[in-house]
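Colleague: Have a look at the structure that comes next, please.
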Amino acid sequence: MTTATPAGSTVSDPPGRSPKGSAAVERKSRFDVRERPELLLVPAVFVVLILVWQFLIPLFVDDYVLPVPSSIVDSLIQQLTDPLFWGHLEVTLRESLIGFLIGVGSAILLGTAISQVRLVEKTLMPYVVAFQTVPKVALAPLFVVWFGFGLTSKIVMAAVISFFPMLINVIEGLRAADADRIQMLTVFGASKLQIFRMVRLPSAMPFIFAGLDIGIVFAILGAVVGEFIGAKEGLGYLLLQTNYNFDIAGMFAVLVVLSVLGLLAHFLIRFAQRKIAFWAEESRVIAA
C-alpha cells in the first residue's frame, strides 16, 4: 500500500503496517500481560483472597457466621440443581428487565425534552431535582401498598431506581455537543432535527451508555429491594428465606448469583457500546 505525499510522490507503508496487520497487533496487545498486567493481577488477587478466606479466616471466625468458599460453592450447586431456584431467578429477571426498559425509555424521552426545550426545563427540572433527593429505597413500602405484592410493585421500583442515572446522563450528554459543529451546521441551513441526529445524539452516546450501565445494575437492585418488602417469589424473597433459616452459605450463594447477573448486564452493555457507539469506546464518562 502506498501513500501520496504533498509533492505528489508516493511512499510505501512499512511492512506489517497494513490495516489488517494493525488490527492483529492491537488484538494481540489486548492479551499481552506486559502491556496489561491487570490480566494477571486480577485473577491472582482473587486466588489469594479465596485461599485466605478458606484457610485463614476460619481460625478466627466461626463457619456459621462467615462460611468458607467451599461451603458457599456447595450451597450454590445445591440451589442451581433445584427447579424452584430457577423460578425465583426468572421472576427477578423479568422484574428487572421490564422495570429497566420502562425507566430508561422514560428517562430518554424526558431528558431529551428537558435538554432541548428551555420551557420544559424551567417547568419540570425543579420537580425532578426534588424527587431525586428522595431515597428511592424508602419508596418501596409505598409501592407495595399501591401496587400490591405481585410483580407490578417490583417493576415500578426497578423503573424508578434506574430512571435518574439515565435521565441525568441523557441531559448532560445532549448538552455536551460541540458548539462549533452546531454553529457550522446552522450556517449551512441544517434543521434542529438534523443537528440533533448528526451532532447532539452521537455526542450523547457515551453518556447514554454510561447511564445504561448504571441503570441496569440499579434495576436489579430495585427489584430485589421490592422483594424484600413484600413478595412470594424472587431472589430477594429467597434471600429472606435463607436469612430466616440462618443459612448464611445459602445467602452468600444468592448474592453470588446477583453479582453474576450484574456483571453479565455490565458486559452486555459494554458489548453493545462497542458495536453501536464504537467511536466512544475510550470515552470516560461518570454516571450520575
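No lab work stands behind these numbers, since they all come straight from the coordinates. This structure is a prediction, so every number in the text was calculated from the model and none was measured. Quick reminder, even Gly has a Cβ in these numbers, built from the backbone with ideal geometry, and neighbours come from all protein chains shown.
Colleague: Given H placed on each backbone N at 1.01 Å, which residues far from G230 in sequence or on other chains put an amide H within less than 5 Å of it?
Modeller: Result for G230 returns nothing.
Colleague: Sticking with this structure for a sec: Quick one: Karplus J couplings for segment 248-265, per residue in order, coefficients 6.51, -1.76, 1.60, θ = phi - 60°, nearest Hz, x for Gly and Pro?
Modeller: 5, 5, x, 4, 4, 5, 5, 5, 4, 4, 5, 5, 5, 4, x, 5, 4, 4
Colleague: While we're on this one: Counting only C-alpha contacts under 8 Å and six or more residues apart, can you give the relative contact order of segment 163-288 as a whole percent? Provide the component values of the computation, followed by the final result.
Modeller: Working: 117 pairs, mean separation 40.9, N = 126.
Here the relative contact order equals 32 percent.
Colleague: May I pose another question? What list of ³J(HN,Hα) values in whole Hz, one per residue of segment 213-218 in order, does the Karplus curve 6.51 cos²θ - 1.76 cosθ + 1.60 (θ = phi - 60°) give from phi, with Gly and Pro shown as x?
Modeller: 4, 6, x, 5, 5, 5
Colleague: Any chance you could run the full-extension gain for R94 through W146? It's 0.36 nm times the residue separation minus the Cα-Cα distance, nm to one decimal. Working shown, then result.
Modeller: Details: separation 52, 0.36 × 52 = 18.72 nm, distance 1.99 nm.
Result: 16.7 nm gained on full extension.
Colleague: Same structure, new question: DSSP loop (so not H, G, I, E, B), at most 12 other Cβ within 10 Å: list which trypsin sites (Lys or Arg not before Pro) in segment 212-283 pass both filters. If you can, show how the numbers build up before the last one.
Modeller: Numbers: sites: K232, R270, R274, K275; in loops: K232.
In loop regions of segment 212-283 (DSSP not H, G, I, E or B), the sparsely surrounded trypsin sites (Lys or Arg not before Pro) are K232.
Colleague: I'd like to compare 145-153, 260-268, 126-134: which one has the highest average count of other Cβ atoms within 10 Å, and what's the full order after that? Provide the component values of the computation, followed by the final result.
Modeller: On the way: 145-153: 15.7, 260-268: 14.1, 126-134: 10.7.
Answer by packing, highest mean first, reads 145-153, 260-268, 126-134.
Colleague: Please find the FRET efficiency linking L40 to L264, where r is the Cβ-Cβ separation and R0 is fixed at 25 Å, and quote it to the nearest 0.05.
Modeller: Values: r = 23 Å, r/R0 = 0.93.
Efficiency computed from Cβ-Cβ geometry: 0.60.
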